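All remarks here apply to the structure that follows.
The values are calculated or read from the model by the stated rules, or taken from the named source; none is laboratory data. Quick caveat: nothing in here was measured; it's all calculated off a predicted structure. Backbone-built Cβ (ideal geometry, glycine too); neighbour counts: all protein chains shown. Note: accessible area is taken over every heavy atom of the protein model, side chains too, but ligands, DNA and RNA are not part of it. Shrake-Rupley method; radii C 1.70, N 1.55, O 1.52, S 1.80 Å.
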Amino acid sequence: MNPLHWPAEAIWQAVAPRIPDFTVEILPELDSTNSELMRRAREGHLEPTLLVAQRQTAGRGRLGRDWQSEGTQEERQAPATPAPALSALTFSLGLPLSVADWSGLSLAVGVCVARNLHPDVQLKWPNDVWLGGRKLAGILIETASFDHVRYAVIGVGVNLLPRPASGLRTPPAWLTEVLPWMDAPQTLLRLAAPLVQTVKRFEQQGFAPFVADFNALDALHSQEVSLSDGTQGMARGVDETGALLVHTSDGVKKITSSEVSVRPLNPPTT
Ligand code: BTN
């Protein structure tokens, strides 16, 4: 098996001028990159860290769900791709953040991920990353306070290779559908430094600078949607707090809780 060549040095070079104590770490296996960074934080390690796992054994998703990325855990060695291809890129960025209003951080991260992957990529509120109406990537943000320092872990999982749809609420998409040569290290290189930049911008300016971009990428914009709380209406993008605006027969409803799930009434046929 050929080793994967991760661009840790290039990422560090891009980020370190802005965050001098930043480190990049690539590990062969972890339960979950989010869980590992939170464990380290509880032990007092709050340094800004980008942690990549080549394989996660207990990846976590939003709302207590699993994030399964080992659909094709065996290494694939196609003649055109000499390095073993991972079926997904899974990583987390952990860092102390001083943020007045956290609402919208996951949407801002979604904008960053979508913008840096491919022009066909869209977002589904609050932070699913879609390709052709299917789920390409997911984002899980967790925060905790340690000695008055708020520590944030921003986890990102991107499907790279075909994976079975069984057991998934939304059928999967994978990046090599639109970028056939793309692998995990190159995907990380596209995302890592822009992600740090996005998070630092959010820390300074909040969600406002990301609203227009989110609305331009919004897969549900101007579509009839159905919410898990029973509401139906027309999705009209997000406001400056990241709330989803749904025009219903009773007026505009602002959806703030990510516990409410949103579905297009007429999902695209795949
Ligand atoms: C979701 O769509 O429900 C969010 C999925 C987030 C998955 C990523 S993979 C890297 C990081 N570690 C985890 O355990 N989860 C996130």
Subject >> Enumeration of residues in the range 133-178 that are touching a strand residue (DSSP E or B) at 6+ places or on another chain (Cβ under 9 Å), part of a loop (DSSP other than H, G, I, E, B) and either within 18 Å of Leu50 (Cα to Cα) or among the charged types (D, E, K, R) (or both) >> reply: Arg163, Arg169
**OP:** For the range 51-60, state whether one or more residues are open to solvent by 50 Å² or more (accessible area, probe 1.4 Å), within 12 Å of the ligand (Cβ to nearest atom), over 14 Å from Pro96 (Cα atoms) and assigned to a strand (DSSP E or B).
**Re:** yes
Original post:
If you go through the range 170-185 one residue at a time, do you hit one that is open to solvent by 50 Å² or more (accessible area, probe 1.4 Å), of a type in the set (D, E, K, R) and free of Cβ contacts under 8 Å to residues at least 24 places away in the same chain?
Top reply: no
Subject >> Selected residue (criterion: farthest from the ligand (Cβ to nearest atom)) from residues of the range 31-44 that are closer than 17 Å to Gly155 by Cβ and over 18 Å from the mean Cα position of the chain (by Cα) >> reply: Arg42
**OP:** Among residues belonging to the range 14-30 that are open to solvent by less than 60 Å² (accessible area, probe 1.4 Å) and touching a helix residue (DSSP H, G or I) at 6+ places or on another chain (Cβ under 7 Å), point out the one that is nearest to the ligand (Cβ to nearest atom).
**Re:** Leu30
